[in-house]
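The values are calculated or read from the model by the stated rules, or taken from the named source; none is laboratory data. Everything numeric in this text was worked out from a predicted model, so none of it was measured. We place every Cβ from the backbone using ideal geometry, glycine too, and count neighbours over all the protein chains shown.
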Amino acid sequence: MAEVITSPSNPKIKRLLALQQKSSARREAGLFVVEGQRELQHCIDAGFEIDSVFVCASLAVPPLTMPRVARFPGAVATPTSPEAVRPQIDKLAVNIPRSKAGNDIKVFEVSELVYAKIAMRESTEGVIAEVRTKEKRLEELDLPERPLVVVLESVEKPGNLGAVLRSADAAGVDAVLFCDPLTDLWNPNLIRASLGAVFTVPCVACTSAEAIAFLKARGIRILTAQLQDSSLYYDCDMTAGTALVMGTESTGLTPAWREAADAHIRIPMLGRLDSLNVSVSAAILLFEAVRQRRNG
């Protein structure tokens, strides 16, 4: 049977909270936190290894319906009592894929009091997991002939990063490069804001110099989003291999990217303000690329 945890001061709960709150704890342990059945499903589908799962039986509604993860005999998609969910909790360690080392998945049942302490979302599905980090490198990217790549330089806010990833997933982006990042990819707010897109889109953290060299070596056109010395974005050809590069709203891109660019593009601003949220800008530019590519 799964171990039951009823105290927020339990050492396992304290470790989970540290992983949520501190990037240093995530780096040291090689673990990060995923909350929600949908996000956990995307995580497992992407080949990440689960270390521990924390389940609140009374909140697991629908009860653990992760069909590709936990194939429970007789699992249903309607709310049931905690007593009906507990047998499924006991089978989680059997149904979730083992790590490459063959280590068992640790499954814990937590009380509502404990879950309220560790949950970051108001509407929750009763499942939180600790997952082993898996870093992808630039040379490991498997890009198609005419890739569409998003580059974000020093964008700090996890919510913005997550929103860009959602747009990247929707537009079928081949990779997102986080250059000189100020937030690690395993920040739980980023994972939550991306709705799991951080697992569905290949993501790489690297330096700007590494990214520029990588793109140049593969003949991928670099289009930098900037107001100065730029053309309207819809007048620029995005049908070839393209990297759309964006920086922060406050400081924009560094000179290294401006100088490396094959073209500078801008979104027309007709009001009194001169900038858009980076996630909005990304969505506009990405779907112009989609439009051009679909139109031949």
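Remark: A289 falls outside the filter, which requires a residue to be part of a loop (DSSP other than H, G, I, E, B), in contact with a strand residue (DSSP E or B) (Cβ under 8 Å, 6 or more places away or on another chain), among the small types (G, A, S) and under 19 Å from L215 (Cβ atoms). Can you tell me which residue is nearest to R218 (Cα to Cα) among those in the stretch 260-293 that are modelled with pLDDT under 95 and loosely packed, with under 14 Cβ neighbours inside 10 Å? Among those residues, the one meeting the criterion is P268. In this structure, A197 does satisfy being in the same structural domain as D142 (by TED's automatic domain parsing), among the aliphatic types (A, V, I, L, M), out of contact with any Ser or Thr (no Cβ under 6 Å at 6 or more places or on another chain) and crowded, with 18+ Cβ neighbours inside 10 Å. Exactly one residue among V53, V69, V85 is crowded, with 16+ Cβ neighbours inside 10 Å, among the β-branched types (V, I, T) and at pLDDT 80 or above, and that residue is V53.
Does at least one position in the stretch 164-177 carry a residue that is surrounded by fewer than 16 Cβ atoms within 10 Å (Cβ to Cβ) and either outside the structural domain of R27 (by TED's automatic domain parsing) or farther than 23 Å from Q41 by Cα (or both)? Yes; the residues of the stretch 164-177 include at least one that is surrounded by fewer than 16 Cβ atoms within 10 Å (Cβ to Cβ) and either outside the structural domain of R27 (by TED's automatic domain parsing) or farther than 23 Å from Q41 by Cα (or both).
Checked against (1) at pLDDT 80 or above; (2) outside any loop (DSSP other than H, G, I, E, B), G47 meets all criteria but (2). Set side by side, the residues L215, L223 differ, and just one is outside the structural domain of Q41 (by TED's automatic domain parsing), crowded, with 18+ Cβ neighbours inside 10 Å and in a helix (DSSP H, G or I), which is L215.
The rows are residues; the columns are (1) surrounded by 13 or more Cβ atoms within 10 Å (Cβ to Cβ); (2) in contact with a Gly (Cβ under 8 Å, 6 or more places away or on another chain); (3) of a type in the set (A, V, I, L, M, F, W, C); (4) at pLDDT 85 or above.
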site	(1), (2), (3), (4)
I96	yes, no, yes, no
M120	yes, no, yes, yes
V127	yes, yes, yes, yes
R132	yes, yes, no, yes
D142	no, no, no, yes
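What do you reckon, is F32 in contact with a Phe, Trp or Tyr (Cβ under 9 Å, 6 or more places away or on another chain), crowded, with 16+ Cβ neighbours inside 10 Å and in a loop (DSSP other than H, G, I, E, B)? Criteria not met by F32.
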